[in-house]
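Undergrad: Sharing a structure here in structure tokens format.
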Amino acid sequence: MLWSVTTPQDLDERFREAISALAPSAGARPPDGPVRDGTALTGDAALGLFDAQLTSRHLDLAARWLRSFGEGYYTIGSAGHEGNAAVAAALRPTDPALLHYRSGGFYCARAVQASGDGEPGRHTVPRNGDADPLGDAARDVLRGVIASAEEPIAGGRHKVFGSADLHVIPATSTVASHLPRAVGVAFAIERLRRTGAPGRLQRPQLDGQSPWPADAIVVCSFGDASINHAAATAAFNTAGWCDHSGLRLPALFVCEDNGIGISVRSPAGWVATALRSRPGLKYFTADGCDAAATYDAATEAAAWVRRHRRPAVLHLRMVRLMGHAGADVETAYRTPAEIQADLVRDPLVATGQLLVEAGLATPDELISRYDEVGWQVRKVAEEVLGEPKLDGAAEIVAPLAPRRPVRVARAIADASSRALGPGAAARAAGFGDNLPEEAGPLTLAQTINAGLADGMVTHSGMAVFGEDVALKGGVYGVTKGLRDRFGASRVFDTLLDETSILGLALGTGLAGMLPVPEIQYLAYLHNAEDQLRGEAATMQFFSRGAYRNPMVVRIAGLAYQEGFGGHFHNDNSVAVLRDVPGLVVAVPARADDAAPMLRSCLASAAVDGSVCVFLEPIALYHTRDLYADGDGEWLAPYLPPGEWAAGHVPVGRARVYGVGSAEDLTIITFGNGVRMSLRVAARLASEGVGSRVVDLRWLSPLPVADIVRESAATGRVLVVDETRRSGGVGEGVVAALVDGGYVGSARRIASVDSFIPLGPAARHVLVTEDAITQGARALLAR
């Protein structure tokens, strides 16, 4: 009956009926020749694709079976999309792939390719000891479905298509969020190819060498509804912008168009019109249910991208069978006629018909093969049922954000030794023989500039990019001169789009570079925060460290910028950053902390694959004085390489200033609050009150041990938080005190829950020195 045709049982029956009804061919084409006239797909390759398609289909059926008795946790399937196996066959197994969650056929075909067989040929039943790439692929996928801790890529943390051996980069289920990363990977492959760094087919070491061949192309698949997403728009626009600018970008986007996003249909003709009209993207199209047509179009598109090193989109018209996922009742929004029309286009039936008409198989042989693959997949499903699940929080978070502080410290010490020895000449050249340690006391901005230059010398794969960072040298001059000294291939301007900037960082980090992107203002991050939350921070988590995207994201932020701005240039909200698991958030307040903290972030990214945010207080960039005009107390000399190891600032360690006796009050703060609190502490000291001012320096992870220790030392704690009262940093500090067993007095001073207005009105919603003083006196009076 039409209202139940999308159940696994009816889909299975429909396949058998359709194949059985085929008339056997009177003749047979040679297996090594075209499977039909006018195609480059051979009979052998078509047989191999059929096996990959069958495996993908039976994986969907097995997932529904597992779900039926509570052992399967993921039922978004690839049924109707199995034609994407032909896309894999048209590519090389070393072309990096970021796959749509319906690209199961591609994944299975890639497994056969990577096994050494090259072009997929017919998969045969493995004998004892024989390699079984399709069986291995099925086992990997089913382990993901049941959340097995032995699943090789995510280890039971999520069901993804991913494998380092297959060069399939895992992607989350967030719609279209992987497209900006794909642009970044393509950008990095071409940039590294042009700078002469050879591909190595192994894990990158952040030395600017690609893990993929120099002529590789990136393939990225996605659904038709995804083209409407802002992340997809950003990716297409950036690809077109690069092409228009003369920048080569070897990316093949593959739109798997089944005409519907869960229950919302794409308007007729919309997808083709939207994709055709994208400037800089060459358009190819095919019937995605026809394996031969898909293979030919994909082969043409891949060859064009590989030859010209330019982006293209392959639009495949497909169908979706069995609804969006296991719990989806598509009869609630689709008519029986619509469902039936999709069933008629079943790609497995279409490939079967292609093989029968070519005389390469009989209907009975195809049904036997269907049953044989189904039995093998079901057998694997039964075998993985008993595998262990993740057990305990420690096991779950282990790959999230590994921290190896000893190795990070050693990396900084090694960089120091190189800068003093064999790298001394290169360092001198990088600074134009004007070494920063010889320049006298520097501002925060000047120190960050010097720290970036030292990072460029230390890390050959490091690149600095963003809006206005190259020619202009940054809105505040922080990157001034870097492009002239290190070249346009390592310091470059981007288009104005934060999603694309972070996407470039995601891709270049995967490809062996150490990206240092700049987001011009903290308020601008919110346009693109999912690229940090959903993509960057999850990569090691969902790949058990097989893939990582190290980066240090520089962001100018926080408030107190006099005479300029309003909300978008004085944003004091960091809650979105502190809420991302594993993200490192550094806030250097003083020049003498800035370079050591930047070195720690760069080393942590290189050693541990860390994703770091380096939040730079705008108002302190060019501040020179602390207590009085002209005192120069906020300036500091730049540490020479010989002092880098001794001056190392570990991630998650605070800095403590003792003012007076330092016995009466502990002030915990960060950023602009450090300067204000030190000024207040000096006035209190003149009245006989001793304070210790704790500069957190790291907002994530918080320096909890330092917080508890310094608070217990006085028994009075004043938390000075320039972020908002609700969701601000102060909440985390107070929680750390409670969790740490602190029993003294505590008070919190925070900014008002408000956006920051323009001009002098900002003082009414931000923390002030007067408010800090009043808070301190209230604590001391207890």
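Undergrad: Quick check on packing: order 73-83, 237-247 by the mean number of other C-beta atoms within 10 Å, highest mean leading.
TA: Answer by packing, highest mean first, reads 73-83, 237-247.
Undergrad: While we're looking at this one, here's another question. Nearest 5 is fine: what % of DSSP beta bridges in the chain come out antiparallel, could you say? Intermediate values should be presented prior to the final figure.
TA: Working: 13 of 70 bridges.
So the antiparallel bridges amount to about 20 percent of the total.
Undergrad: I would also like to ask the following. Among 752-759, 222-229, how do they line up by average Cβ neighbours within 10 Å per residue, starting with the highest?
TA: Ranking, from highest mean packing down: 222-229, 752-759.
Undergrad: Once fully extended, how much extra length lies between R763 and E71, figured as 0.36 nm per residue of separation less the alpha-carbon to alpha-carbon distance?
TA: That works out to 243.4 nm of additional length.
Undergrad: Right, something else. List the trypsin sites (Lys or Arg not before Pro) within the stretch 416-515 that DSSP assigns to loop and that have no more than 14 neighbouring Cβ atoms inside 10 Å.
TA: Loop-located and lightly packed - K472.
Undergrad: At 0.36 nm per residue, minus the direct Cα-Cα distance, what do Q9 and L496 gain on full extension? Give it in nm, one decimal, please. Can you show the working numbers first?
TA: Values: separation 487, 0.36 × 487 = 175.32 nm, distance 5.11 nm.
In short, 170.2 nm is gained.
Undergrad: Expected output is a single nm value to one decimal: the length gained when fully extending between D391 and A575, i.e. 0.36 nm times separation in residues minus the C-alpha distance. What is it? List each step's numbers first, then the result.
TA: Values: separation 184, 0.36 × 184 = 66.24 nm, distance 2.97 nm.
Using 0.36 nm per residue and subtracting the Cα-Cα distance, I get 63.3 nm.
Undergrad: Related question: Enumerate the calculated ³J(HN,Hα) couplings along the stretch 426-438 in order (Karplus 6.51 cos²θ - 1.76 cosθ + 1.60, θ = phi - 60°), each rounded to whole Hz, writing x wherever the residue is Gly or Pro.
TA: Going residue by residue, I get 5, 5, 4, 5, x, 9, x, 6, 10, 5, x, 5, 9 Hz, with x marking Gly and Pro.
Undergrad: Out of residues 5 or more away from A746 or on other chains, whose amide H comes under 5 Å of its own, with H placed 1.01 Å from N in the peptide plane?
TA: V717
Undergrad: From zero up to wherever the largest Cα-Cα distance of the chain sits, split into 20 Å bins and tell me the percent of pairs in each.
TA: 16, 43, 28, 11, 1, 0
Undergrad: Taking a Cβ-Cβ separation under 4.7 Å as the criterion for a possible partner, which cysteines of the chain have none?
TA: C108, C220, C242, C255, C289
Undergrad: In addition: HN-Hα J couplings of the stretch 525-538 from phi, Karplus 6.51/-1.76/1.60, θ = phi - 60°, integer Hz, Gly and Pro as x?
TA: The phi angles translate into 5, 5, 5, 9, 4, 5, 5, 7, 5, x, 10, 4, 6, 9 Hz.
Undergrad: For the stretch 390-398, take each phi angle, set θ = phi - 60°, evaluate the Karplus expression 6.51 cos²θ - 1.76 cosθ + 1.60, and give the result in whole Hz per residue in order, putting x for glycine and proline.
TA: Each residue of the stretch 390-398 in turn: 4, 10, x, 4, 4, 5, 5, 8, 3 Hz.
Undergrad: If Lys and Arg each add +1 and Asp and Glu each add -1, what is the summed charge of the other residues whose beta carbon sits under 12 Å from the beta carbon of D454?
TA: +3
Undergrad: Å³ per residue of the Cα convex hull, for the stretch 574-637?
TA: 84 Å³
Undergrad: Lysine pairs, Cα distance under 20 Å, 8 or more residues apart or cross-chain: how many in the chain?
TA: Lysine pairs, 8 or more places apart or on different chains, close enough: 4.
Undergrad: Something else about it: Taking the Cα-to-Cβ direction at T195 and at R709 and moving 7 Å from each Cα, how far apart do the two end points lie in nm?
TA: 4.0 nm
Undergrad: If R0 is 45 Å, what FRET efficiency do you get for A332 and A40 from their C-beta distance, rounded to 0.05?
TA: 0.60
Undergrad: For the chain, what relative contact order do you get, as a whole percent, if you take Cα pairs closer than 8 Å and at least 6 residues apart?
TA: 12 percent.
Undergrad: Can you give me the long-range amide H partners of L442? Hydrogens built in the peptide plane at 1.01 Å from N, cutoff under 5 Å, separation of 5 or more residues or another chain.
TA: A636, Y638
Coordinate-derived values only; no laboratory data. Everything numeric here is computed off the predicted structure, so don't read it as measured data. As a convention, Cβ positions derive from the backbone with ideal geometry for all residues, glycine included, and neighbour counts pool all protein chains shown.
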